[in-house]
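Peer 1: Submitted below is the structure of interest, expressed as structure tokens.
The values are calculated or read from the model by the stated rules, or taken from the named source; none is laboratory data. What you see is a predicted model, and the numbers here were worked out from it, not measured in a lab. Here the Cβ is made from the backbone with ideal geometry for all residues, glycine too, and neighbour counts use every protein chain on show. Remember, those area values only see protein heavy atoms, side chains included, never the ligands or the DNA or RNA. Shrake-Rupley method; radii C 1.70, N 1.55, O 1.52, S 1.80 Å.
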Amino acid sequence: IGHRLLVVGGRLKVLDLGTGTGCIAIALKKNLPDAEIYAIDISKEIDYLIAPDKGSKRWIKKISRLLEIPFITLHKKRISPQKIELEDLNMDLKNKKILILDDMISTGKTMLETVQLINEKGAKEIRVYATHGIFTNNSIKEIEKSNITQIYVTNSFKKQMSSSIEYIDISDWVIKKL
């Protein structure tokens, strides 16, 4: 479903996000025997994908279809630059594993409100992926207080140190595009 080839320290590393057959990871290892292959069956890791607002709906819909994981799009109303309201979910997420997908985390308000709403619905585990992790003000401290299992962001902005944030290095990709 999703494959990423990176050269790190002169060594080829491949990340394969799939739906459980393993055929791509096996073929990659056969054809690239010296590569490090990381294969993750994300369909067993995640029960629902959640877009915190309509802006993410188009691409989360595509990811949902590719990974065969259902998605939910929340409706966000911005009250002020620092305050938002989310429409309540009319569904049970009890014991479900959730992945929130968004374009960026700036103040963290939208993400934290989304996490709170998902928690109220009984989610078992919450992970977050955002393309850009800006993390302004005290957002890292607020995020660390939440029960988010893991946050994944690219290194498109300066890294903020936190054990709950994993940075995905895009520098090789950027260099190739230049």
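Peer 1: May I ask you to verify whether Ile69 is touching a helix residue (DSSP H, G or I) at 6+ places or on another chain (Cβ under 7 Å), of a type in the set (A, V, I, L, M, F, W, C), in contact (Cβ under 8 Å) with a residue 24 or more places away in the chain and under 17 Å from Tyr48 (Cα atoms)?
Peer 2: Here the answer is yes, as Ile69 does meet what is asked.
Peer 1: In addition: Can you tell me which of Glu125, Glu120 is of a type outside the set (Gly, Ala, Ser), out of contact with any helix residue (DSSP H, G or I) (no Cβ under 6 Å at 6 or more places or on another chain) and open to solvent by 70 Å² or more (accessible area, probe 1.4 Å)?
Peer 2: Working: Glu125 fails: open to solvent by 70 Å² or more (accessible area, probe 1.4 Å).
Matching residue, one of Glu125, Glu120: Glu120.
Residue by residue, here is whether (1) closer than 29 Å to Leu12 by Cβ; (2) of a type outside the set (Gly, Ala, Ser) holds:
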| residue | (1), (2) |
| --- | --- |
| Leu66 | yes, yes |
| Thr131 | yes, yes |
| Glu142 | no, yes |
| Asn155 | yes, yes |
| Ser171 | yes, no |
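Peer 1: Moving on. In this structure, does Tyr48 turn out to be modelled with pLDDT under 80 and among the aromatic types (Phe, Trp, Tyr)? Let's see the steps before the verdict.
Peer 2: Values: modelled with pLDDT under 80: no; among the aromatic types (Phe, Trp, Tyr): yes.
In short, no.
Peer 1: Moving on to the next point. Return the residues of the stretch 134-173 that are part of a loop (DSSP other than H, G, I, E, B) and of a type in the set (D, E, K, R); say none if nothing qualifies. Spell out how you get there, then give the answer.
Peer 2: Just the residues of the stretch 134-173 that are part of a loop (DSSP other than H, G, I, E, B), to begin with: 134-138, 146-149, 155-164, 169-170.
Answer for the stretch 134-173, where residues must be part of a loop (DSSP other than H, G, I, E, B) and of a type in the set (D, E, K, R): Lys158, Lys159, Asp169.
Peer 1: Test of understanding: among Met111, Met104, Met91, which residue is aliphatic (A, V, I, L, M) and open to solvent by 70 Å² or more (accessible area, probe 1.4 Å)? Outline the logic, then answer.
Peer 2: On the way: Met111 fails: open to solvent by 70 Å² or more (accessible area, probe 1.4 Å); Met91 fails: open to solvent by 70 Å² or more (accessible area, probe 1.4 Å).
Step by step, each of Met111, Met104, Met91 is checked, and only Met104 is aliphatic (A, V, I, L, M) and open to solvent by 70 Å² or more (accessible area, probe 1.4 Å).
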